[in-house]
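These notes concern the structure reproduced below.
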Amino acid sequence: MPDQLIKWQNVESILREQLQRSSVKEIRTPIIEMTELFERGIGETTDVVSKEMYTFLDRGERSCTLRPEGTASVVRAIINNGLSNNLYQKLWYMGPMFRYERPQAGRQRQFHQLGVEYIGSNSPRSDVELISLAWDILQKLGIKNLNLEINSLGDIEDRENYQNTFIEWLESNYKLLDIDSQKRVKKNPLRILDTKNSETQNLLKNAPVLVDFLSQKSLDRYALIKENLDFLEIPFIENVKLVRGLDYYTHTAFEITSGELGSQATVCGGGRYDNLIKQIGGNDSPAIGFAIGLERLMLLVGENFEIKRDIDVYIINKGMRAEAMAHKLSSKLRKYDVVTEMDVSGSSISKQLKKANKCKTKSIIVIGDEEAMKNQFKVRLFSNNKDKEKIINLDDDDGLEKWLKNIIPDYSA
């Protein structure tokens, strides 16, 4: 609703400013994509693809899906436009995503995400730069009790070695797992590490740990990232059970949570996906990205983002000629970046004055047919200014600007 959107617009404005300062460029992708894109990119066995996507056949009998996340769409757009072999690219998107899941505070079936993708570099420095950007954005928005959790998933070989051992352990403890985890053993075993079931969580304390299966190269890479985060004074916690829910992630995985959110604590999640672009059909190009859920963000940002700009001028008018002049004046004032409300009720001057008072406008303009015949309007100021009322000619731009400086302190022509 309009009053709620003030907060959204103010937050989005800060997000855009921070991204522009970091030389990240915007990209916009379609809401509808071919279903195959997400099956290939996200993975057919993931919960997102198997349970949560809104998928349908179009009139050409093609399977289409409302996008459940933004990364695959960005990668598809880059490939289609022949940019997958270009130099380092930093891109962001913002818009609605769709997943069929149980609605709750901060989680809806149509939800909104800000996503950032750094494409074309496998350097650990790009991981640090991206994490630092996410951290700075959330701090800029004044969000409190932030916690950064990081982990390394290693490369594909590391992950496969771990997964084979982990599956053996899961099968030997199969009967002790909760039902959802049992279903994931064959389909997506790493997601079991992220279970919310307390009994399974306790059981997993004795499970093999991914970090023990990382190659020396992966460990060195991970150590360099942690060293750089320390240098930037970004506090973090190593969470060996942190995995990302989508198949395409490798190496760095991270989440930023807030203690202000309760059970749905994750505000930002991201990680590296060096194999996704090649997997979807592009060149072998490394990448890393993150996404921030805007609904959860709105639950966290303070009241200072709810401030809206008040009406600067309320135009009261009575009579046909006065109404025509009011339209002309309203158009002229908007060109001066003045928030203008024109009364179109046609009611008496006294009733219009009452409405203007309720709006708490900074000043009122009164135009009757007598003023309109002289091409003038009468101004009434709500301020300590001694000049409570004055008459200005519609074509007197100097007089108009002088008056505007009285009602808008930071006004400049």
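Values in this text are rule-based calculations from the coordinates and carry no lab data. Predicted model, so just to flag it, every value in this text is computed and none were measured. For neighbour counting, all protein chains shown are included, and Cβ atoms are generated from backbone atoms with ideal geometry for every residue, glycine included.
Taking 27 Å as the straight-line reach from the Cα of K51, the lysines in range (excluding those fewer than 8 positions away in the same chain) are K175, K183, K186, K187, K196, K241, K278.
Comparing mean-square fluctuations of A265, A207, A326 from a GNM of the chain with C-alpha springs under 10 Å, the top value falls on A326. Need one word for the range 313-407: rounded, prolate or oblate. Basis is the Cα gyration tensor (sqrt eigenvalues a ≥ b ≥ c); a/c below 1.5 gives rounded, then a/b vs b/c decides. Note, shape of the range 313-407 comes out rounded. Among beta bridges from DSSP that stay inside the range 313-407, the antiparallel ones total about 50%.
Only beta bridges with both residues in the chain are counted; by DSSP, about 80 percent of them are antiparallel. Checking the cross-link pairs K25/K332; K354/K390; K308/K332; K332/K360; K335/K362 against a 24 Å limit on the alpha carbon distance flags K25/K332 as lying beyond it.
Spacing of the modelled spin labels on E168 and I237, each 7 Å from Cα toward Cβ, amounts to 3.2 nm. The simple spin-label model puts a point 7 Å past each Cα toward its Cβ; for K355 and D395 those points are separated by 3.1 nm. The mean sequence separation of alpha-carbon pairs under 8 Å and at least six residues apart, normalised by the residue count of the range 295-358, gives a relative contact order of 37 percent.
Since only A372, I392, L353 are under comparison, the one whose Cα sits farthest along the positive direction of the charge dipole of the range 313-407, derived from C-beta charges on Lys, Arg, Asp and Glu, is L353. Residue exposure proxy: D220, D136, D127, ordered by other Cβ atoms within 10 angstrom of their Cβ from fewest to most, comes out as D220, D136, D127. Under 16 Å between alpha carbons, and skipping anything fewer than 8 positions from K402 in its own chain: which aspartates and glutamates qualify? Of all the aspartates and glutamates, those that pass the test against K402 - Cα under 16 Å, at least 8 places apart if same chain - are D312, D337, D387, E389, D410. Stretching the chain fully between R321 and V344 yields a gain of 7.0 nm (0.36 nm per residue, less the alpha carbon separation). Normalised by the number of residues in the chain, the mean separation of alpha-carbon contacts (under 8 Å, six or more apart) gives a relative contact order of 16 percent. Considering only Q9, M320, N151, and ranking their Cα positions along the charge dipole of the chain that arises from unit charges at the beta-carbon of Lys, Arg, Asp and Glu, the one farthest toward the positive end is M320.
Overall, the range 313-407 carries a charge dipole of about 480 debye about its Cα centre when +1 sits on the Cβ of Lys and Arg and -1 on the Cβ of Asp and Glu, all other atoms neutral.
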